[in-house]
Amino acid sequence: MTINPSTRRVNQRHEVQLPVRIEVNGIIRESEISNMSVGGLYIVDDFEYSNQQIIKVYFSIPTLNEEMEVESVIRWVEKNADGGVAGIGIQFIGLKAKQVWGMTKYFASLTAAQTI
């Protein structure tokens, strides 16, 4: 099977369980991040999102003192067996250098904890 280069992951994903708030069309929804990378998140949610929709996500990680607020774009919507939404894959539009640093430190701590 050949993988389309445009769908290949660039960044390593890390399994997590973190709360997230999603702002879509001025409405705030609460959900959960199930995996993340410095490029984006997978969020478990059953809201009817659409591809290419611009949203803002708000979440915290232990290596940063303030909540992260990141504008993002929905790259894919995962459907469940009934045809409803099961979750979304989002790509960050722009992370600040401090946010990238914090995420990198957080991922290193996850990796270290797995090897102990």
Percent of Cα-Cα distances greater than 15 Å, calculated over the range 55-105 | 54 percent
Could you tell me which of LEU95, ILE61, GLY26 has its Cα farthest along the dipole of the range 23-116 towards the positive end, charges placed at Cβ (Lys, Arg +1; Asp, Glu -1), taken about the Cα centre?
-> LEU95
Could you give the dipole magnitude of the chain about its Cα centre, charging the beta-carbon of Lys and Arg +1 and that of Asp and Glu -1, in debye to the nearest 20?
-> 560 debye
Mind jotting down the distance between the C-alpha centroids of the range 72-100 and the range 15-49, whole Å?
-> 7 Å
The answer for the net charge of residues other than GLY87 whose Cβ lies under 10 angstrom from its Cβ, with Lys and Arg +1 and Asp and Glu -1, is -3
With a cut-off of at most 15 other beta carbons within 10 Å, and DSSP calling the residue loop, which trypsin sites (Lys or Arg not before Pro) in the range 55-116 qualify? Please list them.
-> LYS96
Convex hull of Cα atoms in the chain, direction-averaged projection (nm²) | 8.7 nm²
Only Cα pairs under 8 Å and at least 6 apart count here; give the relative contact order of the chain as a rounded whole percent.
-> 21 percent
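Taken together, the values in this text are just the output of simple stated rules run on the coordinates, not laboratory data. Since we're looking at a predicted model, the values are computed, not measured. Here the Cβ is made from the backbone with ideal geometry for all residues, glycine too, and neighbour counts use every protein chain on show.
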